Amino acid sequence: MALPIHSNDNAREGRPGLWIFQGRSVVLLVVGVAAFVALFRTFDSAGLDLPINAVISLLPLVVMGAYVQFFVNGKPASYAFDSLLYSIWRAKSCLYMAGCLDRPPVLWIVTRKPAHPKEL
């Protein structure tokens, strides 16, 4: 196995990283921790028990971590959006096959007609 050769200067891009959160997804870690603190303080002042409070407050952080793990790390930039569109299409297909929809779902997105070269 050959070792990768890297330039020995400051030309490489620095990317922050902490655990599975790397690059721009580090923002989700910060937002998740902020949501945890806000929810924990809110539920604590409402008098909710500590174990229930901790579990409910950790949910946003767990959801953001799962999103980063399954839709960001090692995937192309449009993977999450493409997966969402595919899931919507599959749900519409299932509804059509069950008889709940009148017509089958459209696979291709209908675009505008191209402009005539005279109009450019």
Just P76, P60, P104 to compare: in a GNM of the chain, with alpha carbon springs under 10 Å, which one fluctuates most?
P104
With at most 10 other Cβ atoms within 10 Å, longest stretch of the chain clear of loop chymotrypsin sites (Phe, Trp or Tyr not before Pro) (DSSP)
20-107
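For a quick check: sort C94, C100 by the number of other beta carbons within 10 angstrom, fewest at the front.
Numbers: C94 12, C100 9.
Ascending Cβ contact count within 10 Å gives the list C100, C94.
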Taking the Cα centre of the range 23-120 as origin, sum charge times position over the Cβ atoms of Lys and Arg (+1) and Asp and Glu (-1), and report the length of that vector in debye to the nearest 20.
540 debye
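Let me know the shape class of the chain, please: from the alpha-carbon gyration tensor, a ≥ b ≥ c as square roots of the eigenvalues, rounded when a/c is under 1.5, otherwise prolate if a/b is greater than b/c, or oblate.
Values: a/c = 2.34, a/b = 1.18, b/c = 1.97.
Cα axes put the chain in the oblate bin.
Within 10 Å of each residue's Cβ, count the other Cβ atoms and sort D102, D82 from fewest upward. Kindly include the intermediate steps, with their values, before the conclusion.
Numbers: D102 6, D82 13.
Neighbour counts put them in this order, fewest first: D102, D82.
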Over the chain, with a Gaussian network built from C-alpha contacts below 10 Å, which listed residue (V37, V63, V106) shows the highest mean-square fluctuation?
V106
With labels modelled as points extended 7 Å from the Cα through the Cβ direction, what inter-label distance (nm, one decimal) is found for L95 paired with L48?
3.2 nm
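Only the coordinates and a few stated rules stand behind these numbers; no lab work does. It should be emphasised that the depicted structure is a prediction, and the values quoted were computed from it without experimental measurement. Ideal geometry is used to build each Cβ from the backbone, glycine not excepted, and the neighbour counts take in all protein chains shown.
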